[in-house]
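See below for the structure under consideration.
The values are calculated or read from the model by the stated rules, or taken from the named source; none is laboratory data. Predicted model only: the values in this text are computed from it and were never measured. Cβ coordinates were reconstructed from backbone atoms using ideal geometry, including for glycine residues, and neighbour counts include every protein chain displayed. For accessibility, only protein heavy atoms count, side chains too; no ligands or nucleic acids. Shrake-Rupley method; radii C 1.70, N 1.55, O 1.52, S 1.80 Å.
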Amino acid sequence: MSVTRFAALQMVSAPDLVANLESASRLIAAAAAAGARLAALPENFYIIGRHEGDKVKLAEQDGRGPIQDFLKQLAVENDLWIVAGTVPIASADGRRIRSACLVYDERGRRVARYDKMHLFRFEQGDENYDETRTVEPGDAPLAIDSPFGRLALSVCYDVRYPELYRALGAFDVMFVPSAFTVPTGAAHWELLLRARAVENQCYVVAPAQGGLHASGRRTYGHTLIVDPWGEILAVQPEGEGVVLAEVDLRRIAQVRASLPAHANRRMH
C-alpha cells in the first residue's frame, strides 16, 4: 500500500496509570474510526507523575505486565499498528528503567523494541531535569520493515542527534514520541523535526505530551506530522487530540528522485 493514514496522539498524562490508559484507549479508538492504520502514542503516555521516580515504580518485565498487555489488546481491538511511545521496562539497575518504544502490529504481536539512547539533561530557572537518575540508556538504533514502509524508531531527546538516524540507512517514516519542555520546544521542536525530515527525505511522526501536568510541569505539545520536503501536514498545539495525515511512499520517491541528496553524499 503506497498511501496510509497515520495518527499521532497528543496526551496530557496524569499521575494515575488507569486514567492514562483510558485516555490512550479513547484516542486510539478515535484514530481507528478516522481510518488510521497506525497510531503513535507520546513518550511516557502511561504516567507523568509528581516525581520523576514515579515511573520506575511501574516497571514491567520485558514481554509481560499490565501496560504491555493493554497495548496488545488495544492493537487487536482496533485492528491497527501501535507505536507505543515509551513503556517502563525493568533494567538490571532496580533504581532505573529502560524507556522502551514498543511496536505492535494489528494482531497484537510485538514486532519491535527500541530503548531510548540519549537521556535528557536541562537546567533553566526553576526547571531541572536529569533522566540519568531514573532511566538507563539503550544501546543501539533501530528501524523495522512494515506494510507501510521502513520505520525508524527514536524518542524525544534522540532527535538532537542526526547521526542516530543516518546510521540506519534509508527509511520511510521516523517516529519521535516526546515530552518536550516549553523552553526547548518553543525554540527547537519544529526546527529539529523538519530538519530531520528534510535531511532523511522521510516522513516524521511526532506524538507529544502537551499541557499542564499535576506536578506543575508544562509540556510543549505541538504534536505534528511532517512530509519529506519539510512541510507540516498536521499539528495540534496543546491538549489531548488526534493528529492525522497521509503517508505516501510515492511522495518519498518523488522527493528523492528530484533531489538525490542521499546519492550525492560524500564520505571523508
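Of note:
- When G210, G239, G221 are checked against the criterion of being open to solvent by 10 Å² or more (accessible area, probe 1.4 Å), among the small types (G, A, S) and touching a residue at least 40 places away in the same chain (Cβ under 8 Å), G239 stands alone in meeting it.
- Qualifying residue in segment 187-201 (condition: closer than 19 Å to R218 by Cβ, at pLDDT 95 or above and either surrounded by fewer than 15 Cβ atoms within 10 Å (Cβ to Cβ) or in contact with a Lys or Arg (Cβ under 6 Å, 6 or more places away or on another chain) (or both)): yes
- Residues within segment 224-236 that are open to solvent by 50 Å² or more (accessible area, probe 1.4 Å), among the aliphatic types (A, V, I, L, M) and over 15 Å from the mean Cα position of the chain (by Cα), tallied: 2
- Any pair with Cβ under 6 angstrom, 6 or more apart, that starts in segment 72-96 at a residue that is farther than 16 Å from L17 by Cα and open to solvent by less than 10 Å² (accessible area, probe 1.4 Å) and ends at one that is of a type in the set (G, A, S) and part of a strand (DSSP E or B): L80/A39; I82/A39; V83/A40
- Looking only at segment 114-136, and only at residues there that are assigned to a strand (DSSP E or B) and open to solvent by less than 70 Å² (accessible area, probe 1.4 Å), the one that is farthest from R95 (Cα to Cα): E127
- The one condition in (1) free of Cβ contacts under 8 Å to residues at least 40 places away in the same chain; (2) not in a loop (DSSP other than H, G, I, E, B) that L168 fails to fulfil: (2)
- For K57: the one exception among (1) closer than 24 Å to L224 by Cβ; (2) free of Cβ contacts under 8 Å to residues at least 24 places away in the same chain: (1)
- Scanning segment 60-105 for residues that are closer than 18 Å to P207 by Cα, out of contact with any helix residue (DSSP H, G or I) (no Cβ under 6 Å at 6 or more places or on another chain) and of a type in the set (S, T, Y) returns T86, S99.
- Enumeration of residues in segment 156-182 that are buried (at least 24 other Cβ atoms within 10 Å of the Cβ) and touching a Pro at 6+ places or on another chain (Cβ under 6 Å): P177
- Residues in segment 242-268 that are open to solvent by 10 Å² or more (accessible area, probe 1.4 Å), part of a helix (DSSP H, G or I) and either modelled with pLDDT under 95 or hydrophobic (A, V, I, L, M, F, W, C) (or both): L249, A253, A257.
- Counted residues, segment 137-152 - those being part of a loop (DSSP other than H, G, I, E, B) and open to solvent by 40 Å² or more (accessible area, probe 1.4 Å): 5
- Residues in segment 195-213 that are assigned to a loop (DSSP other than H, G, I, E, B) and touching a strand residue (DSSP E or B) at 6+ places or on another chain (Cβ under 9 Å) were compared, and the one that is farthest from L38 (Cα to Cα) is H213.
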